[in-house]
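Chemist: Take this structure first; my questions come after.
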Amino acid sequence: MKISNCNGSSLVEVVVSMFLLGLLVTGINFCVVSLINRNAVSKEISAATALGNQTLEQLRRSDFQDIIAGFEQGSDRFIRSWTVSNTDDDNMKRIDLWVFWPDNQDRSISMSTMVSRSFGQ
């Protein structure tokens, strides 16, 4: 007896399709893990930026003559460091702020602002 009309898949076709499906799942898994890691880094950068802005606001609210360089490490793992330099105008100061935090690699952001003397000071 000869079977002339075979329907279905051969073993080779099934193995090849399983291999291709495995490659696809591996690629999607890599993308998901990468997105999760980038999301965590993004949250850290956002937190560091918020802390940097908070520190700059505190310095802006200070009396002009009290604005000096400093360093601060709170209960969080972020380290804030800033320098204050005088400009050509005696009524202005430049503040450069860096926020550092330890990670698999040391990360940091930097911010700068200018502060002017109020007329009442």
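The values are calculated or read from the model by the stated rules, or taken from the named source; none is laboratory data. The model shown is predicted, which means the values in this text are computed figures rather than measured ones. Cβ coordinates were reconstructed from backbone atoms using ideal geometry, including for glycine residues, and neighbour counts include every protein chain displayed.
Chemist: Report yes if some residue within the stretch 93-103 is farther than 30 Å from residue 38 by Cα, in contact with a Lys or Arg (Cβ under 7 Å, 6 or more places away or on another chain) and of a type in the set (Phe, Trp, Tyr); otherwise report no.
Modeler: No, the stretch 93-103 has no match at all.
Chemist: Right, next: Filter the stretch 76-95 for residues that are farther than 17 Å from residue 117 by Cα and in a strand (DSSP E or B); which is farthest from the chain's Cα centre (by Cα)?
Modeler: Among residues in the stretch 76-95 that are farther than 17 Å from residue 117 by Cα and in a strand (DSSP E or B), the one farthest from the chain's Cα centre (by Cα) is 83.
Chemist: Same structure, new question: Could you tell me which numbered condition residue 103 fails, if it satisfies all but one of (1) surrounded by fewer than 16 Cβ atoms within 10 Å (Cβ to Cβ); (2) modelled with pLDDT of 90 or more; (3) charged (D, E, K, R)?
Modeler: Tallying (1) surrounded by fewer than 16 Cβ atoms within 10 Å (Cβ to Cβ); (2) modelled with pLDDT of 90 or more; (3) charged (D, E, K, R), residue 103 fails exactly one: (2).
Chemist: Take the stretch 42-75 and flag every residue that is surrounded by 11 or more Cβ atoms within 10 Å (Cβ to Cβ), assigned to a loop (DSSP other than H, G, I, E, B) and not hydroxyl-bearing (Ser, Thr, Tyr).
Modeler: Across the stretch 42-75, the qualifying residues are 67, 68, 69.
Chemist: So which residues in the stretch 85-99 are surrounded by fewer than 17 Cβ atoms within 10 Å (Cβ to Cβ) and either more than 12 Å from residue 55 (Cβ to Cβ) or in contact with an Asp or Glu (Cβ under 6 Å, 6 or more places away or on another chain) (or both), if there are any at all?
Modeler: Correct list: 85, 86, 87, 88, 89, 90, 91, 92, 94.
Chemist: Tell me the residue from 12, 16 that is surrounded by fewer than 11 Cβ atoms within 10 Å (Cβ to Cβ) and either in contact (Cβ under 8 Å) with a residue 60 or more places away in the chain or out of contact with any Lys or Arg (no Cβ under 7 Å at 6 or more places or on another chain) (or both), please.
Modeler: 12
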